[in-house]
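The values are calculated or read from the model by the stated rules, or taken from the named source; none is laboratory data. The structure displayed is predicted, hence computed values, not measured ones. Every residue, glycine as well, gets a Cβ built from its backbone with ideal geometry; the counts of neighbours run over all protein chains shown. Accessible surface areas use protein heavy atoms only, side chains included; no ligands, DNA or RNA. Shrake-Rupley method; radii C 1.70, N 1.55, O 1.52, S 1.80 Å.
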Amino acid sequence: MAIGEQSTTTPLLAPRYRATTLGGTALIFLYAFETMAVTTVMATVTRELDGRAWYSVAFSLTLASSVVGTVAGGLLADRRGAALPLLLAVGVFASGLLMAGLAPTIEVFVLARFLQGMGGGAVTVAIYVLVGEVFDGVDQPRLFGLFSAAWIVPSMVGPLLAGVVADTVGWRWVFLGVLVVAGGATALILPALRTSAQVDRARDPDGRRRLVLAVLVAAAVVSVDLAGRSESIPGHVLAGLGVIATLAALRPLLPPGALRVARGLPAIIAMRGTLSAGYLAAEIYVPYLLQACYDLPPWQAGLALTGSALTWAGAAQVQGRLGERLSHAQAFGAGAALLTLGIAGQFLNAALHPNGVLVAICWMCAGAGMGLAFPRTTVAVLGASAEEERGRNSAALTMCDTVAGATSIAITGILFAAADGPAATGFATVFAFCAVCAGAGVVVGRRTAG
């Protein structure tokens, strides 16, 4: 293709793009909606299924299994093309939705969350591979922009809608409703899968090792949460060993020096981990706090997540417009400080129990911090990477993001279960830990400059 022809764009809804655009956007929207919806209704689920001790496991297990799904889906897509892994991933994700909607016990519900994480992780990577097969390079940025919107919109409407559904027809229909819509989204993308490139490449010689490491990371993260639920000292010792095992399995998947926060690229990777460890673990307890200590219904509690999504999006736009006038280190420092301030505010809200509005305001502050710092981690990694290392380092960034969040959720689950006294004590303990994680980002941000 000539240079002049490469600059000519094609509408995203042109006939040869339409199926991938509509189906891919719909599937990503549903995965994002389901993620936000679970955060809103999980307090109701654990109450009705008598599973308070499993609260954090339902989140950490999903994130951990998504690591395995992402690696496995990527390996299969590289070998066979996008069609087969995408169909398999949608099937696994749908099975998890059905099982969650019909779950008679909390144990079955948690198993359903495992399937949702595995399928969701593989769905995302398979869709990205499909985009590479179907779309010309000049058209891909606009589609990924649309995919970004498919993540942002559920963050704004998902919590409210999930809360209304839970309050009216019951929390089970949050999952069963997504299952019905997922069938329609899959039907939209089928025409693209029929024309997807059918390949049969050789196995990636390093693929099995990466998959084994991903499984070890996931197993170690889950072991932290499960072992920590025991009130015995041996159980807590096993949880501590699980954290060590997680770091040991994760280390080969990251650039050298990431775990010791070496200056430059390793510190940027670590920065992403501190942000996710603080925000993701705190986020799942925000609606829970509003429901348990402030007696708000799920739909009102979910509005705090919506407010955070709005400030995240707004701050992301601000840092994007400032461009080089705001250095990466400045964005990281300011973002981590706002995130720490927001989480510390939640600690005070849990300890002093002032007003539910303050919970929402503090979480909007935390969202603004993430909006300033989180997008810059991707830009900084690409800028600090050689061209042939961008894919590997981007994957490492995502891996650190997911594993740090899952491990932090597992640890907060232990802290929440171990806290004596009223429920507010458990919430305060959780937010104190998350504030420390976010505060570490202020220090790590200073080391991101090479």
| message | Using a Debye calculation, one point per C-alpha and no hydration shell, please list log10 I(q)/I(0) for the stretch 72-111 at q = 0.16, 0.24 Å⁻¹ in order. | response | -0.49, -0.71
| Sites Leu216 and Ala149 - FRET efficiency at Förster radius 35 Å, r taken between beta-carbons, to 0.05 | 0.50
| Surrounding net charge for Arg260, when Lys and Arg each add one and Asp and Glu each subtract one, Cβ distance under 11 Å | +3
| said: Based on the alpha carbons, how large is the Rg to Rh ratio for the stretch 15-62 when Rh follows Kirkwood? | reply: 1.25
| message | Along the Cα→Cβ direction, 7 angstrom out, place labels at Leu13 and Val180. What is the inter-label distance in nm? | response | 2.5
| query | How large is the accessible surface per residue of the chain, computed with a 1.4 Å probe and reported in Å² as a whole number? | reply | 42
| remark: Note to self: C-alpha centroids of the stretch 73-128 and the stretch 399-418 sit apart, in Å, by 22
| query | With a sphere of radius 11 Å drawn around the Cβ of Pro11, what net charge do the other residues whose Cβ falls strictly inside it have (Lys, Arg +1; Asp, Glu -1)? | reply | +2
| request: For the stretch 330-397 and the stretch 303-325, write down the distance between their C-alpha centroids in whole Å. | output: 10
| field | Order by protection proxy (mean Cβ within 10 Å, highest first), peptides 276-284, 22-30, 209-217 | value | 276-284, 22-30, 209-217
| What length, rounded to one decimal in nm, is gained on full extension from Ala419 through to Ala248, with 0.36 nm per residue of separation minus their alpha-carbon distance? | 58.7 nm
| remark: Computed over the Cα atoms of the stretch 125-179, the Rg and Dmax in Å are 15.9, 46
| task | Give, in nm to one decimal, the length gained when the segment between Val108 and Val436 is fully stretched (0.36 nm per residue of separation minus the Cα-Cα distance). | result | 114.7 nm
| remark: The local net charge around Ala249, scoring Lys/Arg +1 and Asp/Glu -1 for residues other than Ala249 whose Cβ lies under 15 Å from its Cβ, equals +4
| task | Provide Rg over Rh for the chain; use the alpha carbon set for both Rg and the Kirkwood Rh (inverse mean inverse pair distance). | result | 0.95
| P(r) tail fraction, the stretch 302-412 - alpha-carbon pairs more than 16 Å apart, % | 65
| field | Mean ellipticity per residue at 222 nm, deg cm²/dmol - from DSSP H runs of n ≥ 4 across the chain, formula -39500 (n - 2.57) | value | -27500 deg cm²/dmol
